[in-house]
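Here the structure is laid out as structure tokens; the discussion comes afterwards.
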Amino acid sequence: MAQQLKPLALSLAAAIVSAIVMLLLGILGNLGMYIGAFEMMQQWHMFFSLTPIGIIAGMIESAIVSFIFAYLFGIFYNKFA
């Protein structure tokens, strides 16, 4: 029998990683580095901006979206694998 993927663990890990990436992009964007990546994230996320509140809101938004998609992926993976 194949091992089952743990959807909750996968989704929590994805949420943490995405929040950290958004924090790094916000910090580096404020320092003038990786402006292209920052602008892409600003287009893809409603609340992400260079302000501290915008960075925190972007982190929360990306964590929620990543959590949902990773959780659904884990469930469907277990169902079809």
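The values are calculated or read from the model by the stated rules, or taken from the named source; none is laboratory data. These figures come from a predicted structure and were not determined experimentally. Cβ: placed from backbone, ideal geometry, glycine included. Neighbour counts: every protein chain shown.
Numbers below:
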{"quantity": "Sole exception among (1) surrounded by 17 or more Cβ atoms within 10 Å (Cβ to Cβ); (2) in contact with a helix residue (DSSP H, G or I) (Cβ under 9 Å, 6 or more places away or on another chain); (3) not basic (Lys, Arg) for residue 8, by number", "calculated": "(1)"}
{"quantity": "Checklist (1) assigned to a helix (DSSP H, G or I); (2) within 13 Å of the chain's Cα centre (by Cα) applied to residue 48, failing item", "calculated": "(1)"}
{"quantity": "Qualifying positions in the stretch 39-61 - closer than 14 Å to residue 24 by Cβ and in contact (Cβ under 8 Å) with a residue 40 or more places away in the chain", "calculated": "59"}
{"quantity": "Qualifying residues in the stretch 1-45 (those that are assigned to a loop (DSSP other than H, G, I, E, B), at pLDDT below 90 and not small (Gly, Ala, Ser)) - the one nearest to the chain's Cα centre (by Cα)", "calculated": "45"}
{"quantity": "Considering residues of the stretch 62-81 that are more than 28 Å from residue 23 (Cβ to Cβ) and free of Cβ contacts under 8 Å to residues at least 60 places away in the same chain only, the residue surrounded by the most Cβ atoms within 10 Å (Cβ to Cβ)", "calculated": "76"}
